[in-house]
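J.: Below is the structure I would like to discuss, written out as structure tokens.
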Amino acid sequence: MKRLSDIPLEIAERLDLPAESVAGVPKLTVTGRRRALVENHCGLLEYSHECIVVDGGRVRVCIRGTNLQLVAMDSTALLISGTIACAEFA
């Protein structure tokens, strides 16, 4: 049985809507393997030079790479720099 809170995310995926159109879903923008911008976050869960895990509410965003660092962060967005190998949603 599906949870009521999962319905908006499922609808967005089926209709191929952008993440910002669904409340509570983080938006990830990776630029040139050197910068990652995560919008609509709920804070950090883990932080190291190899992995940064961002709380996205219902999902987690894991950025993996080398020499990762948090460049800027406010209540709605955070910017990560370094050599980004992959980004995972869980």
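The values are calculated or read from the model by the stated rules, or taken from the named source; none is laboratory data. All values derive from a computational prediction rather than experimental measurement. Glycine also receives a Cβ, built like all others from the backbone with ideal geometry; neighbour counts cover every protein chain displayed. Note: accessible area is taken over every heavy atom of the protein model, side chains too, but ligands, DNA and RNA are not part of it. Shrake-Rupley method; radii C 1.70, N 1.55, O 1.52, S 1.80 Å.
J.: Would you check which residues across the range 23-51 are of a type outside the set (Asp, Glu), farther than 22 Å from residue 66 by Cβ and open to solvent by 50 Å² or more (accessible area, probe 1.4 Å) and list them?
T.: 23, 27, 40, 42
J.: Any idea which residue in the range 10-22 is modelled with the highest pLDDT, counting only those that are surrounded by 14 or more Cβ atoms within 10 Å (Cβ to Cβ) and within 17 Å of residue 77 (Cβ to Cβ)?
T.: In this case the residue turns out to be 22.
J.: Anything in the range 50-72 that is part of a strand (DSSP E or B) and within 13 Å of the chain's Cα centre (by Cα)? List them, or say none.
T.: Here is the first cut: in the range 50-72, the residues part of a strand (DSSP E or B) are 51-55, 60-72.
Correct list: 51, 52, 53, 54, 55, 60, 61, 62, 63, 64.
J.: Ok, one more. Just checking, how many residues over the range 52-68 are open to solvent by less than 10 Å² (accessible area, probe 1.4 Å) and either farther than 20 Å from residue 25 by Cα or touching a helix residue (DSSP H, G or I) at 6+ places or on another chain (Cβ under 9 Å) (or both)?
T.: Number of matching residues: 1.
J.: For the range 73-84, enumerate the residues that are open to solvent by 30 Å² or more (accessible area, probe 1.4 Å), assigned to a strand (DSSP E or B) and at pLDDT below 95.
T.: Quick first cut of the range 73-84, residues open to solvent by 30 Å² or more (accessible area, probe 1.4 Å) only: 73-76, 79, 83.
The next check asks that each one be assigned to a strand (DSSP E or B); those that pass are 73, 79, 83.
Residue satisfying the conditions is 73 alone.
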